[in-house]
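The values are calculated or read from the model by the stated rules, or taken from the named source; none is laboratory data. Keep in mind the model is a prediction, meaning the values are calculated, not measured. Virtual Cβ from ideal backbone geometry, glycine too; neighbours counted across all protein chains shown. Protein only, heavy atoms only, side chains kept; ligands, DNA and RNA dropped before computing areas. Shrake-Rupley method; radii C 1.70, N 1.55, O 1.52, S 1.80 Å.
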Amino acid sequence: MMLRASAQTSGENVDLAVVVDGGSVTTSLPSDQALLAFAEAALDDDAEAIAEARQQVRSELGEAAMIDAAGVIANFQRMVRIADGTGIPLDAPMDALTADLRVELGINGYGEEIG
């Protein structure tokens, strides 16, 4: 997982369990709470919440940063949906690299064999 590797390289301590468990997240990024709220709202189906979160990012970081954040959210959604929809398995290096993390987070059971 690139997030984990980049965090380790930079010396940041990242608790990826919040990805599946929820909970409070703080980072060293400017306006981290506005960005997190935008990402969470974008995954939901509440147009008003998305608009409010988008406006908060725009207010705190500016129009260009809001557009960049929306692009990152959309790109991750696209990649995950393509992989899930086609049943793309992890390649051997990524499987080995993420084995402990997938067990720790309990995500190995999310998928089903396509048969």
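General observations
- Taking all protein chains together and rolling a 1.4 Å probe, Ser24 ends up with roughly 110 Å² accessible.
- FRET efficiency estimate (nearest 0.05) - Cβ-Cβ, Ile107 to Ile82, R0 22 angstrom: 0.75
- Protein accessible area in segment 29-115, 1.4 Å probe - carbon and sulfur %: 58 percent
- FRET efficiency for Asp100 and Ala65, using Cβ-Cβ distance with R0 set to 22 Å, rounded to 0.05: 0.05
- Distance between the modelled labels on Ala47 and Ser28, one decimal in nanometres: 4.1 nm (7 Å Cα→Cβ projection).
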